[in-house]
Amino acid sequence: MSDDLSFFFLLMSNGLLIGLMYSLIALGFVLVYKATDAINFAQGEFVMIAGFVTAGALMVWGAPLWVAVALALVSLVAFGFVLERVMLRRLIGRPVIAVVMATIGLAAILRGVGPFVIFSGTKPLPLPIRDEPFMLGPIFIPPIQLLGAGVSLAFLAGFGWFFLKSRKGIAMRAVADNQQVAMAMGIDVERYFGVAWAMTGVVSALGGILWGNLLGVDVNLALVGFKVFPVVILGGLDSIPGAIIGGLIVGVVENIAAGYVDPYVGGGTKDFAPYVLMILALMIRPYGIFGKRIIERV
Amino acid sequence: MLGLNNVEVIYDGVILVLKGVSLNVRDGGITTLLGANGAGKTTTLKAVSGLLRSERGDVTKGSIEFSGERIDRLPPHAVVRRGIVQVFEGRRVFEHLTTEENLIAGAHIQKDRQRVAGGIERVYEYFPRLKERRSVQSGYLSGGEQQMLVIGRALMANPHVMLLDEPSLGLAPMLVEEIFGIVQQLNRQEKLTVLLVEQNAALALTIAEHGYVMENGRIVLDGSADALRENPDIKEFYLGLTEVGARRSYRDVKHYKRRKRWLS
């Protein structure tokens, strides 16, 4: 196989695996938007805090791995519940911009609180998996990416099933469709809002552990959250399959850009290439590839 | 029995919408609430179902009682659990859910899966057309099918009382008659109590046994359906009937307000 072709395959495989890890974080965003119509600009910070909790438990307090992971899950779920109760419930029925601003404020607070309360500086988040990549012909795959992709797929499939088939999932979609009518059917809308934020907590906790291992834990871990927007715009804000497809597209596009364009311009295209795509997508299909269209009957 | 006693509703802390409404809905009967746009009919239903608070409205005076229990302070899901379910006007289906998913969502308070399945079958018996369209996204159903779906969805909660808001709105007359026929059937076979809000007074008074007329947030008239049908004011303002054969000049029409004798 020629070097060019194997380079291409390397970029693709890396892009797809990283893309699935973006999908996992995007799933957190989608869950909240699907159920509560709230746009969470603090998704990256959720992931960052999860990284801080896990790395803090491992490196600062010397807890075993399973305790650290459990702690991250429990604290993020609790955080989701409390946040909904204390802050977002009061914003129900207010203009969308109120929620947007509130989550932006929350993002800033979390970026401050993480380093202040848990630890400052950068800490690694070691996981007991091997470092040497698997070699598959010309392609090499780091085990952490494989693990990340696996966890992402499992959760995407799990939540996909939940929304499509389970009664609670159908109720959540009903809430997303029309809150007032859902209330009239005896659905406790506020409780489901809490559940949605808690589910986002679960996904963010796992995202934080995986991305924390890949990038190391400091405030910059929150930056992966920025990749969520092209992912969800491409896939559709409220679509779980869309989060998968969007993640894969973003992962591939940024790797291709980094591989083929960076040598000519000196680097950095990786960070904005997905946004170029996002703007193009908005111009062509504003509701994303799988997003729900507003049904207009004539 | 469902009863409202001198209920006052204020929106946003300042807008007085219901000014002391009292009415009784007899168990197992169909009671209708008539009135023009903006009279407060829908607000009355929302006061019962507890949905006012989601619109920043509040019952500030009076009480609402159902089977001897006060329900005007309960959240909507608690009211549904007590057996009162509201069907909104304007066919508000969950557009992005299929027909069957709409029904499943309607059965939310029912824990037992078997009974949910049974409930779906019951709805399909009353509305065979919904069965044919069970896996269609409900936003794409026709208007009549959507109206059937919202009534069927409300049935899934196994209610004692259905608050039915303008089921005839924007539907062809034949469909309206079909739907009213089914409501009557539900009332007889399932012992479903119905509080029916309608603008189509003629039709409402044929299936109801008792009626109330609302204007400007007050009940201005009530009586048995037969008595209301014979009332000259109802005839003129709601049924569109005038003295048989008499030609009417524009001046009479123009001064119709003076003839609403209940307001004087």
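Please work out the C-alpha center-to-center distance from region B:50-72 to region A:7-74 and express it in whole Å.
Computed from Cα coordinates, the inter-centre distance equals 44 Å.
Between A:Asp271 and A:Phe162, what is the FRET efficiency for a Förster distance of 25 Å, r being their Cβ-Cβ separation, to the nearest 0.05?
For A:Asp271 and A:Phe162, the calculated efficiency is 0.15.
How many Å² of accessible area per residue for region A:200-298, probe 1.4 Å?
Ligands and nucleic acids excluded, the result is 45 Å² per residue.
Report the label-to-label distance for A:Asp3 and B:Arg134 in nanometres (one decimal), using points 7 Å from each Cα along the Cα→Cβ vector.
Label-label distance for A:Asp3 and B:Arg134, simple model: 6.3 nm.
Return the distance in nm (one decimal) between the two label points of a simple spin-label model at A:Arg89 and B:Gln184, each offset 7 Å from Cα along Cα→Cβ.
4.7 nm
Keeping to pairs on different chains or 8 or more places apart, tell me how many lysine pairs in chain A have Cα atoms under 27 Å apart.
Qualifying lysine pairs in chain A: 10.
I'd like to know how region B:55-192 sits against the 2.2 N^0.38 Å rule of thumb: what's its Cα Rg over that expected value?
Taking N as the residue count of region B:55-192, the ratio is 1.07.
Can you tell me the equivalent ellipsoid semi-axes for the protein assembly as shown? Use √(5λ) from the Cα gyration tensor, largest first, whole Å.
Ellipsoid half-lengths, sorted descending, are 57, 24, 21 Å.
222 nm [θ] for the protein assembly as shown, helices only, -39500 (n - 2.57) per DSSP H run of 4+, per residue, to 500?
About -16500 deg cm²/dmol.
Where only protein heavy atoms count, and the probe is 1.4 Å, what is the accessible area per residue for chain B in Å²?
Normalised by residue count, the accessible surface of chain B is 46 Å².
For region A:88-183, take N as its residue count and report Rg(C-alpha) divided by 2.2 N^0.38 Å.
1.66
Tell me the relative contact order for region B:67-198 as a rounded percent, counting alpha carbon contacts under 8 Å between residues six or more apart.
Reported relative contact order: 33 percent.
If you take every residue apart from B:Gln199 with its C-beta less than 11 Å away from the C-beta of B:Gln199, what net charge results, scoring Lys and Arg +1 and Asp and Glu -1?
Net charge around B:Gln199: -3.
I'd like the orientation of helix B:143-155 relative to chain B: the angle between its Cα long axis and the longest Cα principal axis, in ° from 0 to 90, rounded to 10.
70 degrees
I'd like the Kirkwood hydrodynamic radius of region B:1-130, using the inverse of the mean 1/r over distinct C-alpha pairs, in Å.
It is 16.4 Å.
Kindly report, to the nearest 10 Å², the accessible surface of A:Phe7 as traced by a 1.4 Å probe over protein heavy atoms only.
The accessible area comes out at roughly 80 Å².
Taking amide H positions as placed 1.01 Å from N in the peptide plane, with prolines and chain starts having none, which residues 5 or more places from B:Lys61, or on another chain, fall under 5 Å of its amide H?
Answer set, sorted by chain and number: B:Glu8.
Express in nm, to one decimal, how much length is gained between B:Leu239 and B:Ala36 on full extension, taking 0.36 nm for each residue of separation and deducting their alpha carbon distance.
71.9 nm
Calculate the all-directions average of the projected area of chain A's alpha-carbon convex hull, and give it in nm².
Average projection, Cα convex hull of chain A: 17.8 nm².
State, in square angstrom and to the nearest 100, the accessible area buried between chains B and A, both chains counted, probe radius 1.4 Å.
2600 Å²
State, as an integer percentage, the relative contact order of chain B based on alpha-carbon contacts under 8 Å between residues 6 or more apart.
25 percent
Between A:Phe116 and B:Lys111, what is the FRET efficiency for a Förster distance of 45 Å, r being their Cβ-Cβ separation, to the nearest 0.05?
Computed FRET efficiency for A:Phe116 and B:Lys111 comes out at 0.50.
Angle, helix B:113-126 long axis vs. longest principal axis of chain B, Cα atoms, 0 to 90°, nearest 10?
50 degrees
Only protein chains counted, 1.4 angstrom probe. Which residues of region A:144-192 are at least 50 Å² less accessible in the assembly than when their chain is isolated?
Output list: A:Arg167, A:Ile170, A:Arg173, A:Asp177, A:Gln180, A:Val181, A:Met183, A:Ala184, A:Met185, A:Gly186.
Using a 1.4 Å probe on protein heavy atoms, which residues of region B:77-101 have at least 50 Å² less accessible area in the complex than alone?
With the partner chains in place, region B:77-101 has these residues losing at least 50 Å²: B:His77, B:Arg92, B:Phe94, B:His96, B:Leu97, B:Glu101.
Below 8 Å between Cα atoms, with a sequence gap of 6+, how large is the relative contact order for region A:205-248 in percent?
23 percent
Among the trypsin sites (Lys or Arg not before Pro) in region B:1-69, which ones are in a DSSP loop with at most 12 other Cβ atoms within 10 Å of the Cβ? Mind listing them?
B:Arg56
Please go through region A:111-207 and write out the trypsin sites (Lys or Arg not before Pro) that DSSP classes as loop and that have at most 16 other C-beta atoms within 10 Å.
Of the trypsin sites (Lys or Arg not before Pro), the ones in loops of region A:111-207 whose Cβ has at most 16 other Cβ atoms within 10 Å are A:Arg130.
At 1.4 Å probe size, with the rest of the protein present, what percent of the exposed accessible area of region A:125-234 is carbon and sulfur atoms?
Percent of accessible area from carbon and sulfur atoms in region A:125-234: 69.
Suppose R0 equals 22 Å; then what is the FRET efficiency for B:Asn5 and B:Asn216 from their Cβ-Cβ distance, rounded to the nearest 0.05?
E(calc), rounded to 0.05, equals 0.70.
Take the Cα pairs of chain B, get the Kirkwood Rh, then feed it into Stokes-Einstein at 37 °C and 0.692 mPa s and tell me D in µm²/s.
This corresponds to a translational diffusion coefficient of 170 µm²/s.
The values are calculated or read from the model by the stated rules, or taken from the named source; none is laboratory data. Here the structure is a predicted model, which means the values were calculated and not measured. Glycine also receives a Cβ, built like all others from the backbone with ideal geometry; neighbour counts cover every protein chain displayed. Remember, those area values only see protein heavy atoms, side chains included, never the ligands or the DNA or RNA. Shrake-Rupley method; radii C 1.70, N 1.55, O 1.52, S 1.80 Å.
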